[in-house]
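Notes for the one structure printed next.
The values are calculated or read from the model by the stated rules, or taken from the named source; none is laboratory data. Quick caveat: nothing in here was measured; it's all calculated off a predicted structure. Ideal geometry is used to build each Cβ from the backbone, glycine not excepted, and the neighbour counts take in all protein chains shown.
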Amino acid sequence: MPASALPATKESLRDSLFDVFSEDEILRITTDILAIESHRDAPGHETPVAIHIRDLLRREGIQAELKEVRDGRCNVIAVLPGPGGGQRLMFNGHIDTVPPGDMKRPFEPHIIDGKLYARGACDMKAGVAAQLYAMIGLKRAGVPLAGDLIFTGVIAEEDGTSLGTLDVIANGPEADMVVVAEPSDLEAIVAHKGFDYYRIDVEGVSTHSSRPTNGVSAIYKAARIITAIEEKLVVRAERRSHPLLGSASLNVAAVIGYARNEATTALRRGPGDKPPGAVVPDVCTIYLDRRRIPGESLELVEAEFEELLNELRQDDDQLVAQLHFTPACPELHSHPPLDTDPDHPLVRECLRIAFEEAGIEARPKGVPFWSDAALFNSMRGIPSIVFGPGHIGFAHSDREFVPVHELLKATRINAALAASLLSG
Ligand SMILES: [Zn+2]
């Protein structure tokens, strides 16, 4: 229907937009994308999916391009342009998946009891398909948009580097609001924790263990640090709380200590091996996983670690310990929290429409998992939400699926959200 023929009221506009969508078509779009492998061991990694999406959108008359990010791996970027000057909404989804693992028929999407199974079904190709189909529907219905509707299908989320989204943030396109299609059970997610990894390297002095007092055990020193972490920093983190996320947390994830000249024996630990012994350990590394809530800065967390180490050093002049931040990759220094204002129109409209179309409780939510939405939000201050079909609990599992009935609902909510936010 051409734009000039559109009915005037919001309700009739919505009806004419929704007439465009069919369950058969969203199912076909989703299964076509699921049938293309895009995990780290697949030929071309994500690029075959990016090409498929570009061609799908171009057949609908929508501008779509590949953007190489690294080593031939491509984002796909599309836009339904408004006349300029209006708000710009971005649909964003990662187009990589985790490898198939032990999943049965991972690239032959199949339905059992109303559930569509395949690797990437909920995480997050169904979410991507629902964004693409919403865009296609808006184009076909000729819904007039005052601002741009953008789609960015990005690489490298599952490897923890988020290189695809970082490339969008660095090079565009720019947006004023972002919806990331991770599985949210069709709820609007406005907050999640950030996560960062640290390491504390503790140095001792090795000596023959028949006279251990001649040396300094790095393991004993690490034990003191770990006890202090548990008694002070863990308690402090757990006292800080966010209304949607609960408390921050700190976990000692691993401890490895040994004598350098016995390292091979100490770390192999095969059956029948000679136990490491006869030497006082001079190396111990503590691995830490810190989950930040909104309001906790990276500087604050690091300052707390350093303050604790300084206190311990004052009590013990033999304590040699160094804190190291361990980023996922040089480009992604930190995984920040997501903290979008629950009263922003993006959130309010998503809640209103999801309630109307799918009966979803109209309350903004926080979730325990991390998403690229946090990068748009923390690096550019862009209000960003997570919204998509499927349940995160089945992501990465051998039973990964998305409920078929959520595909069309997610499409309609995406389309109505874009029409509402970008309408003149
Ligand atoms: Zn995901």
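Of all residues in the stretch 74-101, those being within 16 Å of the ligand (Cβ to nearest atom) and closer than 16 Å to residue 134 by Cβ number 3. Counting only residues that are within 12 Å of residue 318 (Cα to Cα) and crowded, with 20+ Cβ neighbours inside 10 Å, the stretch 200-213 holds 2 of them. When each of 63, 87 is tested for being in contact (Cβ under 8 Å) with a residue 12 or more places away in the chain, more than 23 Å from the chain's Cα centre (by Cα) and either over 25 Å from residue 188 (Cβ atoms) or not assigned by TED's automatic domain parsing to the domain that holds residue 135 (or both), the lone residue that passes is 63. Here is the figure for the stretch 96-124: residues that are in contact with a helix residue (DSSP H, G or I) (Cβ under 9 Å, 6 or more places away or on another chain), over 14 Å from residue 403 (Cβ atoms) and basic (Lys, Arg) total 1. Taking the stretch 214-247, which residues are crowded, with 17+ Cβ neighbours inside 10 Å and either touching a Ser or Thr at 6+ places or on another chain (Cβ under 7 Å) or over 23 Å from residue 285 (Cβ atoms) (or both)? Correct list: 215, 237, 242, 244, 245.
Condition test on residue 352, is it surrounded by fewer than 19 Cβ atoms within 10 Å (Cβ to Cβ) and closer than 21 Å to residue 89 by Cα? So residue 352 fits the description; yes. Checked against the criterion of being in contact with a helix residue (DSSP H, G or I) (Cβ under 6 Å, 6 or more places away or on another chain) and part of a loop (DSSP other than H, G, I, E, B), the stretch 229-242 has no qualifying residue. Inside the stretch 370-400, residues that are within 12 Å of the ligand (Cβ to nearest atom), within 20 Å of residue 195 (Cα to Cα) and either crowded, with 19+ Cβ neighbours inside 10 Å or without any contact (Cβ under 8 Å) to a residue 60 or more places away in the chain (or both) make up a count of 7. Filtering the stretch 196-216 for residues that are within 15 Å of the ligand (Cβ to nearest atom) and either more than 30 Å from residue 261 (Cβ to Cβ) or within 15 Å of the chain's Cα centre (by Cα) (or both) leaves an empty set.
Scanning the stretch 152-182 for residues being surrounded by fewer than 24 Cβ atoms within 10 Å (Cβ to Cβ) and more than 14 Å from the ligand (Cβ to nearest atom) gives a total of 10.
Taken over the stretch 365-424, residues that are under 14 Å from residue 347 (Cα atoms) and under 15 Å from the mean Cα position of the chain (by Cα) amount to 8. Candidates 298, 323, 309, 319: the one that is surrounded by 15 or more Cβ atoms within 10 Å (Cβ to Cβ), under 28 Å from residue 377 (Cβ atoms) and modelled with pLDDT of 95 or more is 323. Which one is nearest to the ligand (Cβ to nearest atom) among residues in the stretch 337-352 that are among the hydrophobic types (A, V, I, L, M, F, W, C) and either within 27 Å of residue 164 (Cβ to Cβ) or within 19 Å of the chain's Cα centre (by Cα) (or both)? Across the stretch 337-352, the extreme among qualifying residues is 338.
Annotation: residue 290 fulfils all but one of (1) among the charged types (D, E, K, R); (2) assigned to a helix (DSSP H, G or I); (3) surrounded by 18 or more Cβ atoms within 10 Å (Cβ to Cβ); the unmet one is (2). Here 102, 96 are screened, and the one residue that is touching an Asp or Glu at 6+ places or on another chain (Cβ under 6 Å), crowded, with 24+ Cβ neighbours inside 10 Å and not hydrophobic (A, V, I, L, M, F, W, C) is 96. Against the criterion of being modelled with pLDDT under 95, among the hydrophobic types (A, V, I, L, M, F, W, C) and surrounded by 20 or more Cβ atoms within 10 Å (Cβ to Cβ), residue 17 qualifies.
The sole residue among 134, 141 that is away from the ligand (no atom under 14 Å from the Cβ), in contact with a Ser or Thr (Cβ under 9 Å, 6 or more places away or on another chain), under 17 Å from residue 410 (Cβ atoms) and not polar (S, T, N, Q) is 134.
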